[in-house]
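Colleague: The structure is given below, and queries will be raised subsequently.
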Amino acid sequence: MRQFFASMSNRARLAFAIGILLIAGIVGVASWWIMHPPYGVLFRDLRESDAAEISTALDQMQVPYHLADDGKTIMVPDAQVYETRMKLVSQGVPKGGSVGFELFKDSDYGVTEFAQKINFQRALQGELERTISALDEVASARVHLTIRRTDLFAPDQDPSKASVTLNLRPGKHLDAREVVGIQRLVASAVDGLAPEAVVVLDDKGMVLSGYSAEGQNGALNSDGLDAQTQMENQLRARVGELLHRVLRTDNFTVSVDVSLNYDHVKQVREQLIAQGKDGNGLLVHEKVNATGHGADDSDPDHAKSGSTSSDREVEYAHGREQEEVDEAPGRIGRISVGIVIPAVLPPSEISKLNDVVSAALGLDASRGDKVDIAAIAPPEPVSTVAANTDGSAVSRLDATATNASATDETTTSSVVASKYWWIYPVIAALVLVLVGSLLMATRTATPRRLTMSEREAALLRLRQWIETTEVER
């Protein structure tokens with residue numbers, strides 16, 4: 001082996017070393033690929049309790065896994081994703097941090113009746129939580145029940161009540177019909193529970209059920225809020241399309257507020273109908289009473305007339321007109337529109353634009369509808385470093401945008417790196433080949449080693465040259 005390297009030139013040695021490095025690199029990459037297969041997502045958007053439960057189950061199954069996204073995502077080898085998921089689902093993992101009716105699987109006969117009732121309530125709450133969490137918009141749910149107790153000596157008991165807290169997924173929301181569906185689901189599972197007695201909250205403590213304390217149906221108010229939002233979105237889209245055609249840009253802001261009146265109003269009005277020639281009504285009955293005495297019989301010429309008196313009674317019939325108006329709830333009470341546009345239009349055109357927007361939306365000034373258009377000059381571009389009092393503060397908007405872009409770039413780079421991992425070994429091999437080529441190109445050529453016959457011939461010529469030189473001297 002030593003004689004083999006000694007007989008090689010420097011260029012051949014360099015090429016041999018590069019080949020050995022390439023082979024070692026390929027073997028290393030193949031070994032890494034075999035030992036580290038690609039990973040796929042098993043579950044994502046997990047709570048800490050669910051992630052811990054799944055991790056424990058994977059340890060028992062001896063399945064390798066990785067945690068990502070701050071522990072909210074669990075990844076397993078890509079070839080085992082579906083098989084592992086099916087095994088976990090068959091085992092009831094994850095349970096969502098709540099217990100269901102499996103609580104009675106190993107029941108103890110020595111449990112008291114009170115403990116059995118508490119266990120039943122816990123199991124019912126857990127089953128409802130699992131059912132509600134199965135919705136696409138809900139990440140997790142918590143259900144609290146107050147079940148009425150049936151007592152022989154106290155028949156008048158308070159009705160059952162329930163409260164549901166929902167943790168919605170990012171970018172998701174529940175409309176009024178879905179909230180009412182959750183109320184009816186809970187009410188149907190609990191004895192003596194009315195749908196309006198179920199309070200639904202979101203993770204911010206906002207009431208989603210919208211039932212009123214007057215005992216009205218919560219679906220009406222919830223549908224009203226949904227209808228109000230839908231109407232505002234429609235009006236906003238209509239104004240936005242109109243402004244886009246006028247300004248030829250989307251650099252504007254439109255805010256629409258619609259006030260809907262859900263009062264049940266019933267008006268009854270009754271009035272007389274003018275009838276007859278004089279408008280007093282139709283003549284139904286007339287009675288005239290006349291009293292007095294005639295002329296004196298001793299007066300043949302009737303020079304003295306007798307005194308008489310008359311009394312007239314008249315009865316009229318009047319027509320009556322009755323009008324009953326029942327105004328349905330949900331009518332528009334007031335519409336307010338606020339628009340902010342760049343300062344590119346003169347005041348006269350802004351006034352015309354105000355009239356056009358009012359006509360397009362069908363606004364009624366007598367009802368209190370109003371449109372306000374403000375032309376504001378566009379702000380100066382904000383630099384990355386804002387000039388605050390200390391000269392070192394960063395603009396909050398730019399910092400938010402920078403963080404969002406950095407997050408997007410990090411996510412994109414991680415996805416690309418996990419998908420195109422093989423690029424890095426190829427780049428490393430190309431760099432090694434390029435470096436070797438440069439070294440071979442810049443290195444000076446070394447003389448070739450002579451063979452034995454070439455050495456003897458060269459030595460003979462050298463001796464002849466030396467002898468020729470001595471003879472000349």
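One line per residue, one yes/no per condition, for (1) over 36 Å from the mean Cα position of the chain (by Cα); (2) at pLDDT below 75:
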| site | (1), (2) |
| --- | --- |
| Leu14 | yes, no |
| Gly25 | yes, no |
| Ala30 | yes, yes |
| Met35 | yes, yes |
| Pro38 | no, no |
| Val41 | no, no |
| Glu48 | no, no |
| Ala51 | no, no |
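Colleague: Also, quick follow-up: Please enumerate the residues belonging to the stretch 149-168 that are at pLDDT 65 or above and open to solvent by less than 50 Å² (accessible area, probe 1.4 Å). Break it down stepwise before answering.
Modeller: Looking only at the stretch 149-168, we keep the residues that are at pLDDT 65 or above, and these are 149-150, 157-168.
Scanning the stretch 149-168 gives Ser160, Ala162, Ser163, Val164, Leu166, Leu168.
Colleague: Would you mention how many residues in the stretch 77-107 are under 15 Å from Glu53 (Cβ atoms) and either among the β-branched types (Val, Ile, Thr) or modelled with pLDDT under 85 (or both)? Explain how you work it out, then say what you get.
Modeller: So in the stretch 77-107, the residues under 15 Å from Glu53 (Cβ atoms) come out as 84-85, 87-100, 102.
Filter once more, so that each one left must be either among the β-branched types (Val, Ile, Thr) or modelled with pLDDT under 85 (or both): 84, 89-100, 102.
Total meeting the criteria: 14.
Colleague: For the stretch 20-39, what are the residues that are outside any helix (DSSP H, G or I) and either among the charged types (D, E, K, R) or surrounded by 15 or more Cβ atoms within 10 Å (Cβ to Cβ) (or both)? Write out each step before concluding.
Modeller: Looking only at the stretch 20-39, we keep the residues that are outside any helix (DSSP H, G or I), and these are 36-39.
Listed by number, the list holds a single entry, Tyr39.
Colleague: While we're on this one: Can you confirm whether Val63 is more than 29 Å from Ala187 (Cα to Cα), in contact with a Ser or Thr (Cβ under 9 Å, 6 or more places away or on another chain), at pLDDT 85 or above and surrounded by fewer than 15 Cβ atoms within 10 Å (Cβ to Cβ)?
Modeller: On the way: more than 29 Å from Ala187 (Cα to Cα): yes; in contact with a Ser or Thr (Cβ under 9 Å, 6 or more places away or on another chain): yes; at pLDDT 85 or above: yes; surrounded by fewer than 15 Cβ atoms within 10 Å (Cβ to Cβ): no.
Against the criterion (more than 29 Å from Ala187 (Cα to Cα), in contact with a Ser or Thr (Cβ under 9 Å, 6 or more places away or on another chain), at pLDDT 85 or above and surrounded by fewer than 15 Cβ atoms within 10 Å (Cβ to Cβ)), Val63 does not qualify.
Colleague: Quick test for you: out of Ala52, Ala57, pick the one residue that is without any contact (Cβ under 8 Å) to a residue 12 or more places away in the chain and either in contact with a Pro (Cβ under 6 Å, 6 or more places away or on another chain) or surrounded by 12 or more Cβ atoms within 10 Å (Cβ to Cβ) (or both). First the steps, then the outcome.
Modeller: Values: Ala57 fails: without any contact (Cβ under 8 Å) to a residue 12 or more places away in the chain.
After applying the criteria, what remains is Ala52.
Colleague: Return the residue satisfying two criteria in turn: it lies in the stretch 125-148 and is among the aliphatic types (A, V, I, L, M) and open to solvent by 60 Å² or more (accessible area, probe 1.4 Å), and of such residues it is modelled with the lowest pLDDT. Give the derivation first.
Modeller: Step one: of the stretch 125-148, the residues among the aliphatic types (A, V, I, L, M) are 128, 132, 134-135, 138-139, 141, 143, 145, 147.
Imposing the further condition that a residue be open to solvent by 60 Å² or more (accessible area, probe 1.4 Å) reduces the set to 134-135.
Numbers: Ala134: 85, Leu135: 89.
For the stretch 125-148, the residue satisfying everything is Ala134.
Colleague: Scan the stretch 346-402 for residues that are open to solvent by less than 90 Å² (accessible area, probe 1.4 Å), at pLDDT 55 or above, more than 24 Å from Val258 (Cβ to Cβ) and assigned to a loop (DSSP other than H, G, I, E, B) and report the count.
Modeller: Result for the stretch 346-402: 3.
Colleague: Any idea which residue in the stretch 108-124 is modelled with the highest pLDDT, counting only those that are among the β-branched types (Val, Ile, Thr) and more than 38 Å from the chain's Cα centre (by Cα)? Lay out the reasoning, then the answer.
Modeller: Step one: list which residues in the stretch 108-124 are among the β-branched types (Val, Ile, Thr), which gives 111-112, 118.
Imposing the further condition that a residue be more than 38 Å from the chain's Cα centre (by Cα) reduces the set to 111-112.
Details: Val111: 74, Thr112: 81.
Looking at residues that are among the β-branched types (Val, Ile, Thr) and more than 38 Å from the chain's Cα centre (by Cα), I get Thr112.
Colleague: Using beta carbons and a limit of 9 Å, which pairs, at least six apart or on different chains, have the first residue in the stretch 177-191 and without any contact (Cβ under 8 Å) to a residue 40 or more places away in the chain and the second one among the hydroxyl-bearing types (Ser, Thr, Tyr)?
Modeller: Close Cβ pairs (under 9 Å, with a partner that is among the hydroxyl-bearing types (Ser, Thr, Tyr)) amount to Gln183/Ser209; Gln183/Tyr211; Ala187/Ser160.
The values are calculated or read from the model by the stated rules, or taken from the named source; none is laboratory data. What you see is a predicted model, and the numbers here were worked out from it, not measured in a lab. No Cβ is skipped: glycine too gets one built from the backbone with ideal geometry, and neighbour counts run over all protein chains shown. What goes into the accessible areas is simple: the full protein's heavy atoms, side chains included, and nothing from ligands, DNA or RNA. Shrake-Rupley method; radii C 1.70, N 1.55, O 1.52, S 1.80 Å.
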